[in-house]
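Q: Got a structure for you, written out below as structure tokens; questions coming shortly.
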Amino acid sequence: MLSYRHSFHAGNHADVVKHIVQSLILDALKQKDKPFVYHDTHSGVGRYDLQDERSEKTGEFKQGIARIWQRDDIPADIASYIDAIKALNQGDELRYYPGSPKVARAQIRDQDRMVLTELHPSDFPLLLQEFRGDRQVKIYKEDAFARLKASLPPKERRGVVLIDPPYELKHEYMDVVKAIDESYKRWATGTYAIWYPVVYRANIDKMLSGLEALGIRKILQIELGVEPDTEERGMTASGMIVINPPWKLEGQMQAILPWLKEAIAPTHGHCKVEWVVPE
């Protein structure tokens, strides 16, 4: 299976799609003054140095964020995402890339809060250091789904859960389905954003079937591919499955994804925005 340590893949095409969708959901939540919670199940370290040996080894950001962050035709809807990246960098040099916690922190307001979980023994101390002293951020070194279960429903009754496990083990795809089943029973009005890599398409099909069988309405699939599906090892596409998406998200991503495909994978890429289960 794919070994997906954030530090090796920071800023790649999968991160771009994930963090654009994340930012659009947060933008939608901010349309109301009422507070919300951002819950991140697999947080990583918060920010990534693209000159680190791990990022340099793969160079994946060069086929991801590096291709779009300074273009002059960036869609207005992804301004919040691009602003989060520019806030970590000075001038024209792309040195740092924000993980999902930093993307979220750039957008949450004084009345909002964040819940982050990270179990990896190397990543947790770095995440803790990144947010040390930040009273709006609570960080747990716990099992991601156990913490999620314990945290729902949130006191705010509004918010988003980002679920992006490494999928190093085959059963993790169905672990996500189980986590959604348990979470939705506790908090049916929350937004759940599930990131997935396409390594073997059959795993994604199985996860989608599992989610569909839960009887939950309003499940939207968003996907960007950079290469055709293959039986060989390697991620050819990635996407987001969003439960209870903001009402504008479908239209926003229908406009953004073709632009992204042209910028990142013009020759062999594909993109789609489809309802797995409509309203």
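The values are calculated or read from the model by the stated rules, or taken from the named source; none is laboratory data. All values derive from a computational prediction rather than experimental measurement. Don't worry about glycine lacking a Cβ; one is built from the backbone with ideal geometry, like all the others, and counts go over all protein chains shown. The protein model used for the area step is the full one, side chains on, heavy atoms only, and it has no ligands, DNA or RNA in it. Shrake-Rupley method; radii C 1.70, N 1.55, O 1.52, S 1.80 Å.
Q: Would you please report the Å³ per residue occupied by the convex hull of the alpha carbon atoms in segment 24-123?
A: For segment 24-123, the hull spanned by Cα atoms encloses 115 Å³ per residue.
Q: How high is the relative contact order of segment 6-277, in percent, counting Cα pairs under 8 Å that sit 6 or more residues apart?
A: Over segment 6-277, the number comes to 22 percent.
Q: I'd like to know which of Gln221, Ala202, His13 lies farthest towards the positive end of the charge dipole of segment 6-277, counting +1 on Cβ of Lys and Arg and -1 on Cβ of Asp and Glu.
A: Going by the Cα projections, it comes out as Gln221.
Q: Ordering Glu172, Glu223, Glu231, Glu142 by accessible area with a probe of 1.4 Å, largest first, what comes out?
A: Glu231, Glu142, Glu172, Glu223
Q: Using the crude model of +1 on Lys and Arg Cβ and -1 on Asp and Glu Cβ, and no other charge, please compute the dipole size for the chain relative to its Cα centre, in debye to 20.
A: 1020
Q: Ranking request for peptides 72-78, 133-139, 45-51: highest mean number of other beta-carbon atoms within 10 Å first, then the rest in descending order.
A: Order by mean packing, descending: 45-51, 133-139, 72-78.
Q: While we're looking at this one, here's another question. Quick one: ranking Leu24, Leu88, Leu169 by accessible area, 1.4 Å probe, largest first, what do you get?
A: Descending accessible area places them as Leu169, Leu88, Leu24.
Q: Provide the percentage of antiparallel DSSP beta bridges, counting only those with both residues in the chain; round to the nearest 5.
A: Restricted to the chain, the bridges split so that about 60 percent are antiparallel.
Q: On to the next question. If we count every other residue with Cβ under 9 angstrom of Leu220's Cβ, Lys/Arg +1 and Asp/Glu -1, where does the sum land?
A: Around Leu220, the charge tally is -1.
Q: Taking the solvent-accessible surface of protein heavy atoms with a 1.4 Å probe, what is the per residue accessible area of the chain in Å²?
A: Each residue of the chain exposes 45 Å² on average to a 1.4 Å probe.
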